[in-house]
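Below: the structure, in structure tokens.
Laboratory data are not the source of any read-out in this text; all were calculated from the coordinates shown. Bear in mind that the values here come from a model prediction, so they are computed numbers and not experimental data. Glycine gets a Cβ as well: all are built from the backbone with ideal geometry, and neighbour counts include every protein chain shown.
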Amino acid sequence: MSRLGDLGGKLYRGEASYDFIGRRKLWYGVTLALMLISLAGLGVRGLYMGIEFQGGAVFTTPPTKLSVAEARETALDVSGAEPRIQELGSGALRIQVTGLDKAESEKTRAALAEELGLETQELDTELVGPSWGDQMSSKAMQGLAVFLVLVSVYLAIAFEWRMAVGAMGALMHDLAVTIGVYAIVGFEVTPGTVVGILTILSYSLYDTVVVFDKVKEKTRGFGKQSRYTYGELANLGINATVVRSVNTSVVALLPVAGLLFIGTGLLGGGMLKDISLSLFIGLTAGTFSSIFIATPIVVDLKLRDPEIKAHDRRVLGKRAKGGADADAEGESEPAPATAAAPAGSVAAPRAPESGARGRGRPSGRRR
């Protein structure tokens, strides 16, 4: 078995543990920093909305030797607007200029055709009206709002309202980070980007629900035992699924990376690039949020419950008096890592209980 697989088995069985819950303030700090950077980028640079949202014209040339710089200079001189130019895999150019009306579009088309040495009608042109762009923006926002409402209702019914809040916090993180990267780097937002964002939110939700299901299993009937606090049981749930989440994300990222870095270069991008780019950013952010954000939020909300607070006080009080092992008989799971463990440490498997000593075949050696 590989080392990662062996570690995953130990984490699942509770033989090893990392204290995700005990270090939740660290993860909150990282999350807050990422979201502040994203919001700062959004506020300073803003999003570059594609022509589908702003309106304008798209000119697609046949395969040409005209350089991107020459095409940009020509389009800028005629239209007065900064164009976006993409070199397609066939050697053709896709020249996008926002904010053009029909008359300005025809003028720009004629100038580009002259520069290329073509007849005007040989230059393919697509004109997008601003009203259609407004409608696209409105539909995208409506789709996102409906998605978030349905997710909240489902989680509140299938689990509980605290888990719905935790999942929403994770989704907001994923959305903010993805949009922030687009703003900071200056990527164009297109309908393909919207599709990709909705897809990664769905993936993040799926990963979060898997973690929640294991946490729910570990914390079921927590009040009937006096060995673990609620947070420690929730931490066991995260540890039981963390390797699975990472493996699933890596497997999902590999084909997305292929689409983004290989397919885009060979095929010239377009919708393929727009979808794969948002997927690559969002899958990475979603893996982080499902492990480090969602369940810690749930635990903090749970610790406000008087019943859970009283239970945790009893457990910690008993542990402080040295009676933490009084209920160990019949329990198979070792104690999870605590907040006192060094950061990044993994607890070693616990030695067998004293009741197991002397069992098995004798070694044949004299003591």
Which cross-chain or sequence-distant (5 or more) residues have an amide H under 5 Å from the amide H of Asp124, H modelled 1.01 Å from N in plane? Thr60
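Excluding Ser79 itself, calculate the net charge of residues whose Cβ lies under 14 Å from the Cβ of Ser79, where each Lys or Arg counts +1 and each Asp or Glu counts -1.
On the way: positive: Arg72, Arg84, Lys102, Lys107, Arg109; negative: Glu73, Asp77, Glu82, Asp101, Glu104, Glu106, Glu115.
So the environment of Ser79 carries a net charge of -2.
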I'd like the Karplus ³J(HN,Hα) series for region 197-213: coefficients 6.51, -1.76, 1.60, θ = phi - 60°, whole numbers in Hz, and an x wherever there's a Gly or Pro. 5, 4, 5, 6, 5, 5, 5, 4, 5, 4, 5, 5, 5, 4, 5, 4, 4
